[in-house]
1. For a quick check: sort C:102, B:258 by the number of other beta carbons within 10 angstrom, fewest at the front.
2. Let me know the Rg and Dmax you get for the stretch B:91-154 when you use only its Cα atoms, in Å.
3. Magnitude of the Cβ-charge dipole of the stretch C:9-194, K/R +1 and D/E -1, about the Cα centre, nearest 20 debye?
4. When only alpha-carbon atoms are used, what values of Rg and Dmax, in angstrom, describe the stretch A:12-82?
5. Gap in Å between the Cα centre of the stretch A:78-105 and the Cα centre of the stretch A:215-243?
6. Give me the Kirkwood hydrodynamic radius of the stretch C:1-115, using the inverse of the mean 1/r over all pairs of distinct Cα atoms, in Å to one decimal.
7. Please report the net charge: other residues with Cβ closer than 15 Å to the Cβ of residue A:182, K and R +1, D and E -1.
8. According to the square roots a ≥ b ≥ c of the eigenvalues of the Cα gyration tensor, what is the shape class of the stretch A:45-89, taking rounded for a/c under 1.5, prolate for a/b larger than b/c otherwise, and oblate for the remainder?
Amino acid sequence: MYVAVKGGEAAIDNAHRLLAEARRGDPAVPELSVAQIREQMALLVDRVMTEGSLYDPDLAALALKQARGDVVEAVFLVRAYRTTLPRFGASAPVDTGTMAVERRVSATFKDLPGGQVLGPTFDYTHRLVDFALAADTASEPAAEAEPRADAGTCPRVTDLLAQDGLIEASPPDDGAPVGDLTREPVDYPADRALRLQALARGDEGFVLGLAYSTQRGYGRTHPFVGEIRVGAVAVEFVPEELGFAVPLGRVRLTECQMVNQFKGSGAAAPQFTRGYGLSFGQSERKAMAMALVDRALRAEELGEPVASPAQDQEFVLAHCDSLQATGFVEHLKLPHYVDFQAELELVRRLRAEFERKTETVEMQEAAE
Amino acid sequence: MSATGMSPFLGGSASRELPGRAPDDAQVPSPERDRGIVASVLDAAGNARGSGYNFAYLDEGTKRMIRRAILKAIAVPGYQVPFASREMPMPYGWGTGGVQVTAAILGQSDVLKVIDQGADDTTNAVSIRRFFAKTSGVATTTRTTEATVIQTRHRIPETPLTEGQILVYQVPIPEPLRFLEPRETETRQLHALAEYGAMHVKLYEDISRHGHIATTYAYPVEVAGRYVMDPSPTPKFDNPKMDDCPALQLFGAGRERRIYAVPPYTRVRSLDFEDHPFRVQEFTQPCALCGARGHYLDEVVTDDSGGRMFICSDTDICETRVAEAAR
Amino acid sequence: MLAPGFADPVHDAQGTFRAVMDALARPGLVRPLAPFLAPPAPLTPELAAVALALTDADTPVWLDPALAEAADVAAYLRFHTGAPLTDDPARAAFALVRESRRCPPLGRFALGTPAYPDTSTTLVLALDTITDGQGLSLSGPGVRGTVRVAPGPLPDGFAAQCAENRADFPLGVDLILTAPGRVAGLPRSTTVTEA
């Protein structure tokens, strides 16, 4: 029999208690510590920080624990916490050229200053389930690399290309304040800084799917991975009253610079163009997808036709946020019976009118 | 046999134990409870006791930003003012816009009522009311007549609103033209030019297909002779209540980041045609609990063999009428 | 020493906002506004209250010459609100006007754009009195029929300026009228005639 949802505080309280019990799982199994999640689910933590727009591995790990491993729910917790934090201002731009790289690969040059550094990556692993991991075995310590002669200098590939004018110049810093989409609603057309913010916060799956679509002809950008680098950079802040930069600490970032073919236009000589991706921690898939979509969204600026979803900034920006998407999709489970009643009444009336009409036609036919 | 007796799961005291009608706030001391008001739990400083958050959750800077948007919305009735909606501790689509508007206007002496589908005890209404009781400590009520601020999803109370009241709507899609034109850049221009022909065409297509307009909720209205506005997904039954209403009506769309307003005593006209005037839903039977006619009714399925009953969606007026009849 | 701001920043700001909101929602209705503020002269407590409640780093504020000439006033507002001061009325989100009779023509302030009529200036005027009765006749959203209100002193041709402001709707400025202990609103949607 149909049983209506009973509201009330008791039902909500009981549901929350049940949730707490379900979150813990079998009490005979030891409870996860936040440190364990932070250290052993590090890529998940990185994703939550990236989409949560907050660099705090412990908080992201705690959010994952509370969210029972649901990424979007964890991002939600981090974002809701973030909005309650006081704002002191914006940091100085980080310089990824000075990054202490732990991984750096380029698909455009075989070797280059600073070298190719494979680092900790799933690339070239065979995806065979490692049953040894089911038993608590210590992993083999990593090999120590021989320091290269050019260690410590790791110029960006795009800077190397820019020296020859082969790639478009990076737009100069005009000193204008950068917009903040968490502080002002997006006004279309949104500039590139705002688009990149939206993509960085955007759902990895959604951005990945859009990026993939550009590779399959829906807004093709002819991309090459100029470079992916992962490592820590210093964050500095210039307090108004001091007037000079004060170091705040270091954050670990993944940066992807795509190099895209561009035939040139009437005004511009043929040269390579850029697509840019940046994420917290090690989030390569996200940074790469972001760079592809960033380049696709520059179609209008570069005089290319805007015909595909990934090139349409209203489409991309309005739908890439997992919290907005999940909230609105999931709100369908809230009661809608008032509106449904209105529709029920309408459908019944339309059906009655339809039957009347059919009967009239049948009677007329019978009379004839 | 009374209508309530038809339902196998309602039991003896049907009127108090309908699904979705369990009284919450049950532990409240009796005099306040009898008046429907839950006592304020403010500390001496006026902050909610022990919540650890600012009064009504939002920080003061955010409140200022929302308040400025509200003032603009009032000055340009029906125009959607962009605002920097914050991430709230409840999901987008669950009332974050209404919650932010309520948080920005709420003061210590307010009495808050929250309804969803017309009812005070639907889960989301309970959740939002609790949120404000916890973070602001203001008094809450289920009685429409006692409330100074009413936050609602999908209904306007049947009890006529008065000058001292503010009705805050939760809005999912604030743009009435959205399903005719998905692009924000386009709809903004259409509003700027007051170009609403497409909306009339859409309604007229209904008429040519069905003989009447087939929009039953979120029925578009024209406000003060200028902007076409989405009334939120209230059934069109409620549209006439918006017209010339003594209360201030505020609309908050959190995910879409828009606030709009209808000041008191403002003309709100449901779009229609001379030969097809606007008409609201009519129910053939009265409420099975309180006997009211002319109220919006919910259809409750009572068994698996086609049994139905119709009861008021506005729980407050229904309970008040049942209590009066019992006296 | 700098004069203090709201004694209770949270609830005094809320109370001031609600009075202003009620005033704009019901043009012609005179609402009590009695802030316990002692700002530097010639800033009035009511102007100060509205500024403290509604302005911050995101809202450029224009001061009329009477206020702009008083260094204490700028210091007070900067400290308590953080709002940037502008000398261009067309760039102001809020304009504080101490000498209401000499208020610049309304058309010199930001009127918003057809796509974004909300990007307009809100003027806050300090008057000597606002009473019910002969003066201005108001109608439009928020007014049941018509209502009369007598604010003063006002600049010459004020009703005509309001009519011009109304004619450009949805563009236009909104006015918050203050007098000792009270506030009233004249949003751009209101039709104003002399009565």
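Bear in mind these aren't lab numbers, they're just calculated from the coordinates by the rules spelled out. These numbers were taken from a predicted model, which means no experiment stands behind them. Backbone-built Cβ (ideal geometry, glycine too); neighbour counts: all protein chains shown.
1. Result, fewest neighbours first: C:102, B:258.
2. Looking at the stretch B:91-154, its Cα Rg and Dmax stand at 10.5, 30 Å.
3. Dipole of the stretch C:9-194, to the nearest 20 debye: 440 debye.
4. For the stretch A:12-82, the Cα-based Rg and Dmax read 12.4, 36 Å.
5. 11
6. Result for the stretch C:1-115, one decimal place: 14.8 Å.
7. Taking every other residue near residue A:182 into account, the sum is +1.
8. The shape class here is prolate.
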